[in-house]
Amino acid sequence: MPLRRCVLVMMTVMSLAAEARGQQNRLLAVEDWTYAYITRLQRRGHLLDLSPTAPPYRHGEVVAALNRIDRTRLNRTEQHWVDLLDEALQPVAAEGGGQEEDEIVFTYQFQAGARTINSDRLDVVRPLGDTLNLFLYGTPFQLYADAGPFVAAIGWWQDKYYDVDPDGLDTALRLLIRSENTYVGYHGRLFSAYAGRWSNHWGVAGEPATVISNNPRSQDQVALRIGGQRFSVTGLLGELDSVTEDGRFTGRVADDSVRVGNRRRFLAAHRWDWRPSRRFALTGIESVIYSGHNTGLSLKYLNPLHAFTFVVDNRPKNDENNGLVAAMLWAQHRRLTVHGQFMIDDFDARGESDESLTFALVGSVVYAASSFDVGAQLDVVSARAYNTPQPEGKYLYLLRGLATQFSDYVHVSLFADLYLDALAPGLRLTPRLHLLAQGERDIRQPFPVQGEVLDNLLDGTVARTIRPAVQVSFQPTPWWWIRLDGGLNVMSDVDHVAGQDETRFVGLLEVGLRLVLNRAFRLSFL
């Protein structure tokens, strides 16, 4: 090999090794504000080293992707977004330079915020009641420790909404605090493993997903990933809440309503990602909820290389199970980005029943110009989706949907994001139009009995909502932000009562504050 080529190869290997050594492998929580800016840049062809449909990202890989952006090609608006991410995420060097292999870097993070809304539910399209509520939230303690390829995180999340959520169970009893984003992990070039509690979102950040989303509370889980950028296999095995013998979700085994015979529940899921180019990705997904009186962590479900199709019903079959399969596509051509997912819950391949296809479909099309985005989103979920005859098989965790909170609906959203950084850095204005048709079926209802007649989609009296709205967000720095979503909900057949119409204003205001310790503490362990 010529000397010049040898030198180039050695320099490349050394730079990659140095980059990997300095990367921090903590997970960038899927609820973090930075994903909005990452998605905007990805729509414009930047940060595509990060898979657009596989949050959460690792902190270090986001920093590495930011460093590879050609800053000379950015306009003023894009430069502001990159500056915000740089200021929030770029590691601060301690004395002695970059992180060394024999050192641990500690990072402390604090965040606090408040949401006020004239509804008991935070979903502005589906308001519940008209009480003016104030929900405080934040993390008083979030500590990360990075040591080479290893990471540990401890986090406490406090949220008043956890206590009064009308759709889910109360998940924070002591001081309204729940341990979240708490885990240990290892990341290598072709293999990573994490164990603990955090949230996943298998889809584009900020958009719905059909199998795993950040709608439920974060779960305790083990996640394994094998592969690189072009092809990878990801598997996770998570513990869900138990169900009582008579099919009720209480979240507490010691609850008086639980006598004997509660069934333990677990979620196992796989995804196979293929990215032949930076602008095209195809993903196959499968998931299983398995349960039983004596069920525990199962090695056959932990193995990411098992295909559930050939595992769940073969011997040994120690548990009951309910499975889903899905396909996901993400593609980009110049300034146009397309994302779609299609999930199948159940279908009759032999024609032996009168059940229709049980499915969920979500998708989006977005065109990104220099200072605005314009796009459309679609969600369609059939009436029986995520529901099963056995209550323990319902696609729920603490009564929050693992993918979507509702079923039996069609939702269309048209929007235009106008980036007004020329007037004030960090200012965004979004006119949006929601069109929602909601049938009577719900994941939490009993599964239809044999012979019961219902429509496969939009069953019963359909409640409809038209919501023209305006969203405003202002974030001049990474350390504080203000967001407003105000709109007029024009609703017909409210609560599925024919002729019961209502028109009301629904507004949500959020303010947030974030602080990251300016200087990392280092402790040598060799």
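The values are calculated or read from the model by the stated rules, or taken from the named source; none is laboratory data. Here the structure is a predicted model, which means the values were calculated and not measured. Using ideal geometry, Cβ is built from the backbone for each residue, glycine included, and neighbour counts are taken over all protein chains shown.
Going by the structure shown, is ASN67 modelled with pLDDT of 90 or more and either within 30 Å of GLY487 (Cβ to Cβ) or touching a Leu at 6+ places or on another chain (Cβ under 6 Å) (or both)? Answer is no for this residue. Residue-level check: of (1) at pLDDT below 95; (2) of a type in the set (Gly, Ala, Ser); (3) touching a Pro at 6+ places or on another chain (Cβ under 6 Å), SER119 misses just (1). Residues that are among the aromatic types (Phe, Trp, Tyr) and surrounded by fewer than 19 Cβ atoms within 10 Å (Cβ to Cβ) occur at least once in segment 184-203.
With respect to the conditions (1) under 19 Å from the mean Cα position of the chain (by Cα); (2) surrounded by 21 or more Cβ atoms within 10 Å (Cβ to Cβ), LEU361 falls short on a single one, namely (2).
Take the conditions touching a Gly at 6+ places or on another chain (Cβ under 8 Å) and within 30 Å of ASP379 (Cα to Cα) and apply them to ASN133. Does it pass? No, not satisfied.
Take the conditions (1) more than 22 Å from the chain's Cα centre (by Cα); (2) closer than 21 Å to ASN318 by Cβ; (3) not aromatic (Phe, Trp, Tyr); ASP246 misses just one of them, which is (2).
Can you tell me which of (1) in contact (Cβ under 8 Å) with a residue 40 or more places away in the chain; (2) closer than 16 Å to PRO391 by Cα is the one VAL222 doesn't meet? Single failed check for VAL222: (2).
Test ASP485 against the criterion of being on the phi > 0 side of the Ramachandran plot and either among the charged types (D, E, K, R) or modelled with pLDDT of 95 or more (or both), and give yes or no. No, not satisfied.
Is it the case that segment 191-200 has a residue that's touching a residue at least 60 places away in the same chain (Cβ under 8 Å), within 30 Å of THR107 (Cβ to Cβ) and touching an Asp or Glu at 6+ places or on another chain (Cβ under 8 Å)? Scanning segment 191-200 turns up at least one residue that is touching a residue at least 60 places away in the same chain (Cβ under 8 Å), within 30 Å of THR107 (Cβ to Cβ) and touching an Asp or Glu at 6+ places or on another chain (Cβ under 8 Å). Condition check: farther than 26 Å from ALA269 by Cα, part of a loop (DSSP other than H, G, I, E, B) and out of contact with any Pro (no Cβ under 7 Å at 6 or more places or on another chain). Does ALA403 satisfy that? Spelling it out, it is not the case that ALA403 is farther than 26 Å from ALA269 by Cα, part of a loop (DSSP other than H, G, I, E, B) and out of contact with any Pro (no Cβ under 7 Å at 6 or more places or on another chain). Of all residues in segment 127-169, those satisfying the criterion of being of a type in the set (D, E, K, R) and under 20 Å from the mean Cα position of the chain (by Cα) are ASP159, ASP165, ASP167.
Beta carbons closer than 6 Å, at least 6 apart along the sequence or on distinct chains, pair a first residue in segment 329-340 that is on the phi < 0 side of the Ramachandran plot and among the polar types (S, T, N, Q) with a second that is part of a strand (DSSP E or B) and surrounded by 14 or more Cβ atoms within 10 Å (Cβ to Cβ) for THR337/VAL366. Determine, yes or no, whether ARG504 is surrounded by 19 or more Cβ atoms within 10 Å (Cβ to Cβ) and under 21 Å from LEU122 (Cα atoms). Taking the combined requirement at face value, the residue does not satisfy it.
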